[in-house]
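Reading through the C-alpha cells given below for one structure.
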Amino acid sequence: MLEGLAPFHPRMVHFPIALSLVGALFAAAGLLRRDERWFGYGQLSLLLAGLSTLAAGITGLVDQARAPDDPVVAALINQHITVAIALGVVTGLVLYWPLRYKRLFSGGQGRWGYLALLALLVMLVFATGWLGGQLVYRFGVGVQ
C-alpha cells in the first residue's frame, strides 16, 4: 500500500522543531523581560508546534510500516516515539501553565516552574531529533 509513496515524516518534522524552539525562546524572553507581546508570540508558536507535532506523529506512525524488520531499529523507533510523546505532554503543559498561573509576569507563583518546563521542552526537542537522526543516518529509515 505504501510502496509508491515517499516517506512523509522526515518532511513534516522541521515545522514542530522550528516552532518549538522559536516558541520557547520567545516565551522565555517575554517572561524574563516582562513583555506580554513577546510572550504571546511564544505561546502562539508553541500552539502551532503542538498542532504540527500531531501531524508529524501521525505521518511517523504511517511511515513506521516501512522500517526494516530489525530489533535494534524497532527499539530505537520505540525510544523515539516515547520521547516524542513526552514532548507532546510537555508542550501541553507549557500551553496550560499560563492559564493556571495568571501572575507569571508579576513574579508570582509558577514563573520558575514555567521556565523549567521550557528548558525541558527544548531538551526533549533535541532528544527526539537526535533519535530520529539516528534512525535516518545510521539505519537509513525513511530514506527510500
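Side notes on the structure shown:
- The chain: relative contact order in percent, alpha carbon pairs under 8 Å with at least 6 residues between: 29 percent
- Heavy atoms of the protein chains alone define the surface here; on that basis the chain has 60 Å² accessible area per residue at 1.4 Å probe size.
- For the chain, the share of accessible area belonging to carbon and sulfur comes to 69 percent (1.4 Å probe, ligands and nucleic acids excluded).
- P(r) for the chain, from all Cα pairs and a bin width of 10 Å, is 12, 40, 26, 15, 7, 1 %, short bins first.
- Of the complete DSSP H runs in the chain, none spans 15 angstrom or more by Cα along the long axis with a mean Kyte-Doolittle score not below 1.6.
The values are calculated or read from the model by the stated rules, or taken from the named source; none is laboratory data. Computed from a predicted structure; not experimentally measured. Areas reflect the complete protein model, heavy atoms only, side chains present, ligands, DNA and RNA absent. Shrake-Rupley method; radii C 1.70, N 1.55, O 1.52, S 1.80 Å.
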